[in-house]
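Asker: Please see the structure below; I have some questions.
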Amino acid sequence: MLAFAVGLAELGRQVMEGSRDPDRPTRVRLPGFADAVPIADSFDQLRHNFRGRYAEHLRETLLVRAVSAFESFLLDAVREIFTVRRDLFHRDEDISLPARFLLGQGSVTSIASHVLSKDLRALSSGGFKRIVGYYKQRFAIDLAACPVSLSAISEVIDRRHLLVHTLGRTDKKYRRDHAVEARRVTVGRTYFAESLEALRQAAAWIDAEGERLVRRPRLGPSATPSLTRITYHVWPRTRRGRASVNLDYVFETEDEIVSLRDLIVSVVNEGDRHSLTLRGSDAQLDAYWRVLLWLKERGDLHGARCEVIRRPKRGPAGIPKTVLEAVETVLGGRTSLPQGMKRRLAEKHGVAAAVVGRAVDYVSFEPSVQELARYEAWLHERRWSADTHISLARQFGIGITRAQKVIHVLSSTPRELRQRAITGGEQPQHDQPSPYSDEV
């Protein structure tokens, strides 16, 4: 639109100077067209279209994209919760699967992926109301408690549907559901701004609820035991030895039959050496190691050794310290990373891009001493719990990561120093110790 405005201004200058006929049609060259395409019969029509139709069409296009991004976010949130809290998807219902699929795949992961894909397909075709019911039933997240009303979100989604399929012409269902009589809907400036803000607020609230959900400890028999990562370096010698590093290899523990595919994290093959990084319970990893030792004794392997992978040391807000240090170095006092740097840092440190984003938010957020005083006064009146940072974020609207930094700063900075900064160097009358521990 900006480039078009510049072109329109140039045409206007030519018309004013008399070098261009105002009734001359305007044409533009578009990719894929051999000849220029007419877009207006005269300069006045072009100016009218630019001030009205083109801006309206652009708002409609952007609204369609925004709603599609919102719906995609709702489904991506389901997928992310599934990877962390698979226990929430346990339900007593039959799932029909061919025996060829079960035995041929040989992987619990493939079955879980099939169940998730089935749910996502149903949600994608079922509409917003079905997603609302799914969130409430499966995650106990009631979207009706969102700061944006469900009716407002539904109206934006329904309007998107009309814009895509009927060019904005309304039907009886839309007029009945939203109590309107208009035969056609458009996207005005005010409606466009309010709709984007409503979708943004709803997505932020759902994101906070999802983060609270994945952080909540699992209860009952569905809780997953702590898992360990071990890398096995194997040098096969025979066909039996090579089979032991195949992803379809199956071995036994005392209580179960395990497929190597269910434990695999990564595989690196360098010449005769196969390096497999597995993640599983101690019983599963010990059983596989015993298999490798047995094959080595039989002569099926030239050699085998293993090494335990230590978890990276975590810093504040659960972010690896190496990531925090790298982000702080790259930022250098700025508040955002250069384009493409988030992805490169994520790949270098083996974390998700979202973790790097949280590190940027954590490093760049510097609360003033006055703000810290407000946060401390509010926290001092409340009983400490594991979800205190979530309550703080909701109370002041500062985001989960920033709330964690506030608590970290309060626990690591002596209260006397903060009081001196506020009073300009005067000694406080009551120097009470901070009620927060260093374990936050």
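Matching residues to (1) assigned to a helix (DSSP H, G or I); (2) modelled with pLDDT under 65; (3) within 26 Å of ILE206 (Cβ to Cβ):
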position	(1), (2), (3)
LYS348	yes, no, no
ALA354	yes, no, yes
LEU372	yes, no, no
ALA386	no, yes, yes
VAL409	yes, no, no
GLN429	no, yes, no
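Asker: What are the residue pairs meeting all of these: first residue in the stretch 13-38, first residue of a type in the set (Gly, Ala, Ser), second residue open to solvent by less than 80 Å² (accessible area, probe 1.4 Å), Cβ atoms under 7 Å, and 6 or more apart or on different chains?
Answerer: Close Cβ pairs (under 7 Å, with a partner that is open to solvent by less than 80 Å² (accessible area, probe 1.4 Å)) amount to ALA36/VAL28.
Asker: Please determine, by comparing only the residues of the stretch 311-327 that are in contact with a helix residue (DSSP H, G or I) (Cβ under 7 Å, 6 or more places away or on another chain) and assigned to a loop (DSSP other than H, G, I, E, B), which one is modelled with the highest pLDDT.
Answerer: Ranking the qualifying residues of the stretch 311-327, first place goes to ILE319.
Asker: Here is a follow-up. For the stretch 155-198, what are the residues that are within 25 Å of GLY126 (Cβ to Cβ) and in contact with a strand residue (DSSP E or B) (Cβ under 6 Å, 6 or more places away or on another chain)?
Answerer: GLY168, ARG169
Asker: Residues to consider are ILE153, ILE141; find the one that is in contact with a Cys (Cβ under 9 Å, 6 or more places away or on another chain) and surrounded by 15 or more Cβ atoms within 10 Å (Cβ to Cβ).
Answerer: ILE153
Asker: Conditions: (1) assigned to a helix (DSSP H, G or I); (2) in contact with a helix residue (DSSP H, G or I) (Cβ under 6 Å, 6 or more places away or on another chain). LYS136 meets all but one. Number of the miss?
Answerer: Evaluating LYS136 over (1) assigned to a helix (DSSP H, G or I); (2) in contact with a helix residue (DSSP H, G or I) (Cβ under 6 Å, 6 or more places away or on another chain) leaves (2) as the failure.
So that you can scan it fast, the table gives a plain yes or no per residue for (1) more than 22 Å from the chain's Cα centre (by Cα); (2) modelled with pLDDT under 75; (3) exposed (fewer than 14 other Cβ atoms within 10 Å of the Cβ):
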residue	(1), (2), (3)
PHE73	no, no, no
ILE81	no, no, no
ARG86	no, yes, no
HIS90	yes, yes, yes
SER96	yes, no, yes
GLY106	yes, yes, no
SER117	no, no, yes
LEU120	no, no, no
ARG130	no, no, yes
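Asker: What number of residues in the stretch 156-201 are under 13 Å from LEU63 (Cβ atoms) and in contact with a helix residue (DSSP H, G or I) (Cβ under 8 Å, 6 or more places away or on another chain)?
Answerer: Total meeting the criteria: 19.
Asker: Still on this structure: When the residues of the stretch 236-263 are narrowed to those that are free of Cβ contacts under 8 Å to residues at least 24 places away in the same chain and touching a strand residue (DSSP E or B) at 6+ places or on another chain (Cβ under 8 Å), which ends up surrounded by the fewest Cβ atoms within 10 Å (Cβ to Cβ)?
Answerer: ILE257
Asker: Any chance you could count how many residues in the stretch 264-305 are open to solvent by less than 10 Å² (accessible area, probe 1.4 Å) and among the aliphatic types (A, V, I, L, M)?
Answerer: Qualifying residue count for the region: 7.
Asker: Those residues that are outside any loop (DSSP other than H, G, I, E, B) and in contact with a strand residue (DSSP E or B) (Cβ under 8 Å, 6 or more places away or on another chain), I need them from the stretch 13-37; list them, please.
Answerer: Those that are outside any loop (DSSP other than H, G, I, E, B) and in contact with a strand residue (DSSP E or B) (Cβ under 8 Å, 6 or more places away or on another chain): THR26, ARG27, VAL28, VAL37.
Conditions tested, residue by residue: (1) open to solvent by 40 Å² or more (accessible area, probe 1.4 Å); (2) modelled with pLDDT of 90 or more; (3) not in a loop (DSSP other than H, G, I, E, B).
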position: ASP158; (1), (2), (3): yes, yes, yes
position: HIS161; (1), (2), (3): yes, yes, yes
position: ALA198; (1), (2), (3): no, yes, yes
position: GLU211; (1), (2), (3): yes, no, yes
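Asker: Write out, first by first residue and then by second, each pair whose Cβ atoms fall under 7 Å of each other, whose residues are 6+ apart or on separate chains, and whose first residue, in the stretch 341-364, is free of Cβ contacts under 8 Å to residues at least 40 places away in the same chain while the second is outside any helix (DSSP H, G or I) and surrounded by 18 or more Cβ atoms within 10 Å (Cβ to Cβ).
Answerer: Between residues of the stretch 341-364 that are free of Cβ contacts under 8 Å to residues at least 40 places away in the same chain and residues that are outside any helix (DSSP H, G or I) and surrounded by 18 or more Cβ atoms within 10 Å (Cβ to Cβ), the close pairs are HIS349/PRO320; VAL351/PRO320; VAL355/ILE319; VAL360/LEU337.
Asker: Return the pair list, or none, for Cβ contacts closer than 9 Å from residues in the stretch 42-55 that are open to solvent by less than 80 Å² (accessible area, probe 1.4 Å) to residues that are among the basic types (Lys, Arg), at least 6 apart or on different chains.
Answerer: Once the first residue is open to solvent by less than 80 Å² (accessible area, probe 1.4 Å) and sits in the stretch 42-55, its partners that are among the basic types (Lys, Arg) give SER42/ARG24; PHE43/ARG20; PHE43/ARG24; ALA55/ARG189.
Asker: Right, here's the next one. Restricting to the stretch 56-71, and then to whatever is open to solvent by 70 Å² or more (accessible area, probe 1.4 Å) and under 30 Å from GLY210 (Cβ atoms), can you tell me which residue is farthest from the chain's Cα centre (by Cα)?
Answerer: Going through the qualifying residues, I end up with THR61.
Asker: OK, next. Since ARG240 meets every condition but one in (1) modelled with pLDDT of 85 or more; (2) part of a strand (DSSP E or B); (3) touching a helix residue (DSSP H, G or I) at 6+ places or on another chain (Cβ under 9 Å), which condition does it not meet?
Answerer: (2)
The values are calculated or read from the model by the stated rules, or taken from the named source; none is laboratory data. Remember, it's a predicted structure, so these values are computed and weren't measured experimentally. A quick note on method: Cβ atoms are made from the backbone with ideal geometry, for glycine too, and the neighbour counts reach across all protein chains shown. The area values use the complete protein model at the heavy-atom level, side chains included, leaving out ligands, DNA and RNA. Shrake-Rupley method; radii C 1.70, N 1.55, O 1.52, S 1.80 Å.
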